[in-house]
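The values are calculated or read from the model by the stated rules, or taken from the named source; none is laboratory data. Note that this is a predicted model, so its numbers are computed, not measured. In this analysis, Cβ positions are derived from the backbone assuming ideal geometry, glycine residues included, and neighbour counts consider all displayed protein chains. Only protein heavy atoms, including side chains, enter the accessible area calculation; ligands, DNA and RNA are left aside. Shrake-Rupley method; radii C 1.70, N 1.55, O 1.52, S 1.80 Å.
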Amino acid sequence: MGERTTVIGTILAVVFQNEENGYTVARIVTDDGEPVTVVGCIPCAAPGEELILTGRYTTHPQHGEQFAADEVERHMPTGETEILNYLASGVVRGIGPATAQKLVDRFGADTLDVLDGEPEKLKTIKGITDKRAREIAESWHELAGLRRVLDFLTKYDLPVGLAMQLFRRYGADAMDALRRNPYLLSGEAFGVDFSVSDEIALSMGFSGDSSCRTEAGVLFELSHNEQSGGHVFLPREKLVAATAQLLDGDTDTVEKALDDLLERGSVVQEQVANVEGCYLRRCHEAETYVCTRVRAMLADKPDKLRGAKKIIDEIERGQGIEYAPLQRQAVELAAQEELLILTGGPGTGKTTSVRGIVALFERMGLDVLLCAPTGRAAKRMGELCGKEAQTIHRLLGMSWNEQTGDVTFTKNEKEPLEADAVIVDETSMVDLALMRALLAALRPGCRLVLVGDPDQLPSVGAGNVFGDLIRSERVATVALKDIFRQAERSAIVRSAHLVNEGRLPELQNTAASDFFFLPRRDSARLVDTVVELCRTRLPEKMHIPAESIQVLTATRKGDTGTAALNRALQAALNPAGMGRREKRFGDLVFREGDRVMQTRNDYDVLWEREDGTAGAGIFNGDVGKILQIDPSGELISIAFDDRVATYTADMLAELDMAYAMTVHKAQGSEYRAVIFVSAPAAPGLMVRGVLYTAITRARELLILVGDDVSLGKMAANDRRTRRYSGLRWRLGNGGTV
């Protein structure tokens, strides 16, 4: 790759442009008369524009030399020829080559000034009616508005992709909206860190005690605690104190801003148990909706199934098994209840019970749908039950509303699922918003069976829905506890249950075990051991390829966190060279063949399957493999199971390496082999739920590498991070809706 340099030139032609993210391939002519092909993020580029580009020359095997620009300064055309080329390109709706020629013939070098300030003069040109003049002026106004937003974002080093999001929401007035309130950038739709928008606002002259700053701080605290802590609401006292600390201000100012937000309905305050709970409006609506629907399902008892005992006996014979008492109780309750919860740890027979419930429902003539929160969990559920299962998002027909920036579902109260029964696996991962969407899509009388392990970590998103439903003691629940003899032979299963009881796993290794402990106190030696296990020992001795091994750890930070482990594993399993192209982004180098993980929900990523079906959306925690990096380094193809998505270079901010990942990110997934790194971490991560969840991710082999003292601390520590949620309280006798 060549040295970094600057090129100045005028666009001759736009070869390709992605309207979603601004990725552009254009041909320019430099001031020296040299033709150059440019690739980079240049939204709304059009012939005639002057560009000042900074980047590097690269060589494409098919298209030859290209200039990959990572910094772009743009200037509108000034000469008549450039203005003609610009307008003739179709960049302004309503102006084609012929009209562009008429405009330039009439107004010359002042054409763009006329469009900008005196569009009524367009009517003086033959063929342009009053209506058409207004339409052209509106289109020009929109384009000018978008360019102003692009210039603004570039000035503050913000990603240009934000311009398209802002423009979709605010249209041509996006820049005016930013000038009125730059803190809108830190709203949920755009996700810019509050410190960034605060710096921008203060540089624009906003005072430290302005109402929009204080209100933005309150909303940011609610949103931040929802996303990072899983809180559905915050107690008023805590919210006020946290916001005052964020803004380095006084609590009286925050109290007033909060009252103003309450008056406008942006925040909802309600007494929850013994605290004054402050909710973002959508969180309050979601919680009260879930409560209302659950109460309705509890009140609506299905007709009793005649001959249920005989039918279940026949199902047992058909499956060649005899249900344990609790398994049989689960199947019987499924016939009697509209809403049922089935829980249990590994080896307790949840899958057998679910198979029995599916068979019972089908014998009753019910249309049954199976689903789970993640693609991997859905795939495993389908394989175990012998029936297709989907992700909840796919089942509900998730889509992305470009105008509002919201997730929407095609299946809802107006168009419910065509199902008489829905069974959800890994329900502990389902957050409040997704549960609301699922319940909204169930037609009245539809049965719902929620299956999961309440001892695993709670959902990444806000709420603790599964735990709240169980602890409310209002929903019929069967908790499978007995470990079946066949499962008991597995040291993985035994270890999980020992940890759940607060005890250490049996760390003495046996030759025929599916569980091993390798003591390593020194962090450098620990990392070397993990690398050696993945690179040679497991592939050669256990015949488990590296791509079937997942390294898990409690933390991202430190010598044994995911960042350090991923660097070491990438160097060992997918080293530089070997003819693999790579792209540096921040501290990471992404290389063809790397295992990567999406770190946030992105509903705009387009993907395609081999059979030609296509869709959009790659979600937080999805793991893929980099197939190809374009020689320019601007396009990256990634395979996520059976879907291939194309990323542009600026989207690499959404990816991380996935040779090693935190236990939280591994929720809902199962791996042929798991290596769990046991080492000291932050107190909040040294808890039983993290260790238990890590152990239960392993299907065939579990290896604990590290410090037995840390393992002991985790097993003994059953402290669960409290989440502020009102669902359990609402479902109880004292709860209101």
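Cα-Cα pairs above 17 Å in region 535-651: how many percent? Mind dumping the intermediate values first?
Numbers: 4165 of 6786 pairs.
I get 61 percent for the Cα pairs in region 535-651 exceeding 17 Å.
Taking every DSSP beta bridge with both residues inside the chain, roughly what % is antiparallel (nearest 5)?
Approximately 60 percent, going by the DSSP bridge assignments.
In whole percent, what relative contact order does region 470-614 give with Cα contacts below 8 Å and a gap of six or more residues?
Working: 85 pairs, mean separation 14.4, N = 145.
So the answer I get is 10 percent.
Over the chain, what is the relative contact order in percent, taking alpha-carbon pairs closer than 8 angstrom and at least six residues apart?
Values: 1376 pairs, mean separation 75.4, N = 737.
Dividing the mean separation by the residue count of the chain yields 10 percent.
With a 1.4 Å probe and all protein chains in place, put T54, T111 in order of accessible area, largest first.
Working: T54 25, T111 0 Å².
Per-residue accessible area, sorted high to low, gives T54, T111.
Averaging over all projection directions, find the projected area of the Cα convex hull of the chain and quote it in nm² with one decimal place.
Working: hull surface 147.5 nm².
In nm², the orientation-averaged hull projection of the chain is 36.9.
Express in whole angstrom the spacing between the alpha-carbon centres of region 584-640 and region 519-570.
23
I'd like to know which of A359, A496, V623 lies farthest towards the positive end of the charge dipole of the chain, counting +1 on Cβ of Lys and Arg and -1 on Cβ of Asp and Glu.
Of the candidates, A359 comes out farthest on the positive side.
Each residue of region 527-539 in order: what ³J(HN,Hα) in whole Hz does its phi give by Karplus 6.51 cos²θ - 1.76 cosθ + 1.60, θ = phi - 60°, with x for Gly and Pro?
Karplus-based 3J(HN,Hα) across region 527-539 equals 4, 4, 5, 4, 4, 5, 4, 6, 7, 10, 5, 6, x Hz.
Give, rounded to the nearest 20 debye, the magnitude of the charge dipole that region 535-582 has about its Cα centre when Lys and Arg contribute +1 at Cβ and Asp and Glu contribute -1 at Cβ. List each step's numbers first, then the result.
On the way: 8 positive and 4 negative charges, 15 e Å.
So the dipole magnitude of region 535-582 works out to roughly 80 debye.
Among L51, S186, V530, which residue has its Cα positioned farthest towards the positive end of the charge dipole of the chain, with +1 placed on the Cβ of Lys and Arg, -1 on the Cβ of Asp and Glu, and the dipole taken about the Cα centre?
V530
Quick one: with all protein chains in place, what share of the accessible area of the chain is carbon or sulfur, to the nearest percent (1.4 Å probe)? Working shown, then result.
Details: 16040 of 33680 Å².
The nonpolar share, carbon plus sulfur, comes to 48 percent.
Roughly how many Å² of S195 are accessible to a 1.4 Å probe, to the nearest 10?
Number for this one is 70 Å².
Okay, helix-only estimate at 222 nm for the chain: each DSSP H run of n ≥ 4 adds -39500 (n - 2.57), divide by all residues, round to 500 deg cm²/dmol; what do you get?
Working: 26 runs with 275 residues, N = 737.
Computed mean residue ellipticity for the chain: -11000 deg cm²/dmol.
Over what distance in Å are the Cα centres of region 21-56 and region 129-179 separated?
Spelled out, the Cα-based centre of one part sits 21 Å from the other.
Where a ≥ b ≥ c are the square roots of the eigenvalues of the C-alpha gyration tensor, would you call region 620-736 rounded, which needs a/c under 1.5, or, failing that, prolate if a/b is larger than b/c, or oblate?
Values: a/c = 2.46, a/b = 1.45, b/c = 1.69.
It is oblate, given that a/c is not under 1.5 and a/b is not larger than b/c.
So what does H141 come to for accessible area, using a 1.4 Å probe and Å² rounded to 10?
90
Treat region 72-152 as a sphere of radius equal to its Kirkwood radius over Cα pairs and apply Stokes-Einstein at 20 °C in a medium of 1.002 mPa s; give the translational diffusion coefficient in µm²/s, rounded to a whole number. The partial results should precede the final answer.
Values: Rh = 12.8 Å.
Answer, rounded: 168 µm²/s.
List the extent of the Cα atoms of region 266-402 along each of their three principal axes, largest first, rounded to whole Å.
The Cα atoms of region 266-402 stretch 57, 34, 30 Å along their principal axes.
For the chain, take the longest principal axis of its alpha carbons; what is the angle in degrees between that and the long axis of helix 325-336, to the nearest 10 within 0 to 90?
Helix 325-336 and the main axis of the chain meet at about 60 degrees.
Among A715, T214, L606, pick out the residue whose Cα is farthest towards the positive end of the charge dipole of the chain, where Lys and Arg carry +1 and Asp and Glu carry -1 on C-beta, about the Cα centre.
A715
Between rounded, prolate and oblate, where does region 662-724 land on the alpha carbon gyration tensor, with a ≥ b ≥ c its root eigenvalues, rounded for a/c under 1.5, else prolate if a/b exceeds b/c? Walk me through the numbers before you get to the answer.
Values: a/c = 2.25, a/b = 1.27, b/c = 1.77.
Taking the square roots of the gyration eigenvalues as a ≥ b ≥ c, region 662-724 is oblate.
Considering only C-alpha atoms, what is the centroid distance from region 296-367 to region 193-211, in Å?
58
Not counting ligands, DNA or RNA, and with a 1.4 Å probe, what is R394's accessible surface area in Å² rounded to the nearest 10?
Counting only protein heavy atoms, the figure is 140 Å².
Cα gyration tensor of region 596-636, axes a ≥ b ≥ c as square roots of the eigenvalues: rounded (a/c below 1.5), prolate (a/b > b/c) or oblate?
Judged from the Cα gyration tensor, region 596-636 comes out oblate (a/c at least 1.5, b/c at or above a/b).
Just how large is the dipole of the chain about the Cα centre, in debye to the nearest 20, putting +1 at every Lys and Arg Cβ and -1 at every Asp and Glu Cβ? Could you put the intermediate results ahead of the total?
Values: 87 positive and 107 negative charges, 572 e Å.
Dipole size: approximately 2740 debye.
On a 1.4 Å probe surface of the protein chains, which of D707, D193 comes out largest in accessible area, and what is the full order? Mind showing how you got there, number by number?
Working: D707 20, D193 80 Å².
The residues order as D193, D707, largest area first.
In debye, nearest 20, what is the charge dipole magnitude of region 25-165 about its Cα centre with +1 on Lys and Arg Cβ and -1 on Asp and Glu Cβ, if you could check? Could the numbers behind the result be given before it?
Numbers: 15 positive and 23 negative charges, 144 e Å.
So the dipole magnitude of region 25-165 works out to roughly 700 debye.
For R380, R56, R584, what's the largest-to-smallest order of accessible area, 1.4 Å probe?
Details: R380 40, R56 80, R584 155 Å².
In descending accessible area the options line up as R584, R56, R380.
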